[in-house]
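K.L.:
After the C-alpha cells below, expect a handful of questions from me.
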Amino acid sequence: MEVSLSDCVFCKIVAGQIPAKKVAESEKSLAFFDVSPRQPLHVLVVPKNHHDNVADLAFSDPEALVDLIQLGSKIANDHAAGSFRLTFNTGSDAGQTVFHAHGHITSKSLKETSGN
Ligand code: 5GP
Ligand code: ZN
C-alpha cells in the first residue's frame, strides 16, 4: 500500500518533527509514552522505518520486529511491576488508528521507582 509518510504521525515523532515523551530507543526502534494513556503504564514502541502494521513489519523486516519486542520488554522490566501486555491492533476494525506499526506496552502496576 502506498503511504504518504508526510502524513504519518509516528514518522514525524521519529524524525523529531512533533514532540513526544521518549522513553528509550535502539538502532531500529523508538519508544514513547502514549498521549492518551489507558493504563498506569502505556508506552508505544515503533519501528523507526515506516511499515503500515505489525504484519507488514514481520514480513518485510523481521529483525526490526524482534528489536521492537526486545526494547518493549526492557521498558516493561524497568517500569512495570512484573507483568505487562504487548498488543498490536492490526486493521481499522481491530482498533488501529495510526497506520505505522506499533506495539502498546501496558501494565496496571508500576514499579515504585519508575518515576512515571
Ligand atoms: P492504535 O489505536 O492505532 O492501536 O494506537 C494508536 C495510539 O497512538 C493511541 O493509543 C493514541 O493515543 C496514540 N497516539 C496518537 N497520536 C499520538 C501522538 O501524536 N503522540 C503520542 N504520544 N501518542 C499518540
Ligand atoms: Zn510512519
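K.L.:
Scan region 90-108 residue by residue and report those that are of a type in the set (S, T, N, Q) and either within 14 Å of Gln39 (Cβ to Cβ) or without any contact (Cβ under 8 Å) to a residue 12 or more places away in the chain (or both).
P.N.:
Once the filter is applied, which keeps residues that are of a type in the set (S, T, N, Q) and either within 14 Å of Gln39 (Cβ to Cβ) or without any contact (Cβ under 8 Å) to a residue 12 or more places away in the chain (or both), region 90-108 yields Ser92, Thr97, Thr106, Ser107.
K.L.:
Applying the selection to region 35-45, what residues are closer than 14 Å to Thr97 by Cα and within 13 Å of the chain's Cα centre (by Cα)? Steps first, please.
P.N.:
Of the residues in region 35-45, the ones closer than 14 Å to Thr97 by Cα are 35-36, 44.
Listed by number, the residues that qualify are Val35, Leu44.
K.L.:
For region 34-55, indicate whether the set of residues that are among the charged types (D, E, K, R), out of contact with any helix residue (DSSP H, G or I) (no Cβ under 8 Å at 6 or more places or on another chain) and within 13 Å of ligand 2 (Cβ to nearest atom) is non-empty.
P.N.:
There is at least one residue in region 34-55 that is among the charged types (D, E, K, R), out of contact with any helix residue (DSSP H, G or I) (no Cβ under 8 Å at 6 or more places or on another chain) and within 13 Å of ligand 2 (Cβ to nearest atom).
K.L.:
Now, a different point. Please go through region 21-63 and give me each residue that is in a helix (DSSP H, G or I) and aliphatic (A, V, I, L, M), ordered by number.
P.N.:
Across region 21-63, the qualifying residues are Val54, Ala55, Leu57, Ala58.
K.L.:
Checking the condition within 16 Å of ligand 2 (Cβ to nearest atom) and crowded, with 18+ Cβ neighbours inside 10 Å, which residue from Ser29, Ser6, Ser60 passes?
P.N.:
Result: Ser29 is the single residue among Ser29, Ser6, Ser60 that is within 16 Å of ligand 2 (Cβ to nearest atom) and crowded, with 18+ Cβ neighbours inside 10 Å.
K.L.:
Search region 64-89 for residues being over 13 Å from the mean Cα position of the chain (by Cα) and part of a loop (DSSP other than H, G, I, E, B), and hand back the single one that is surrounded by the most Cβ atoms within 10 Å (Cβ to Cβ).
P.N.:
Ranking the qualifying residues of region 64-89, first place goes to Phe84.
K.L.:
Cβ-Cβ under 6 Å, sequence separation 6+ or interchain: first residue in region 20-48 and within 12 Å of Ala76 (Cα to Cα) and touching a residue at least 40 places away in the same chain (Cβ under 8 Å), partner within 15 Å of ligand 2 (Cβ to nearest atom) and β-branched (Val, Ile, Thr). Which pairs?
P.N.:
Cβ pairs passing all conditions: Ala31/Val45.
K.L.:
Next up: Looking at (1) within 12 Å of the chain's Cα centre (by Cα); (2) surrounded by fewer than 17 Cβ atoms within 10 Å (Cβ to Cβ); (3) more than 16 Å from ligand 2 (Cβ to nearest atom), which one does Ile105 not meet, given that it meets all the others?
P.N.:
Ile105 satisfies all of (1) within 12 Å of the chain's Cα centre (by Cα); (2) surrounded by fewer than 17 Cβ atoms within 10 Å (Cβ to Cβ); (3) more than 16 Å from ligand 2 (Cβ to nearest atom) except (2).
Just so you know, all these numbers are worked out from the coordinates, no wet-lab data involved. All figures in this text were calculated on a predicted structure; none of them were measured in a lab. Reconstructed Cβ throughout: ideal geometry from the backbone, glycine too, with neighbour counts over all protein chains shown.
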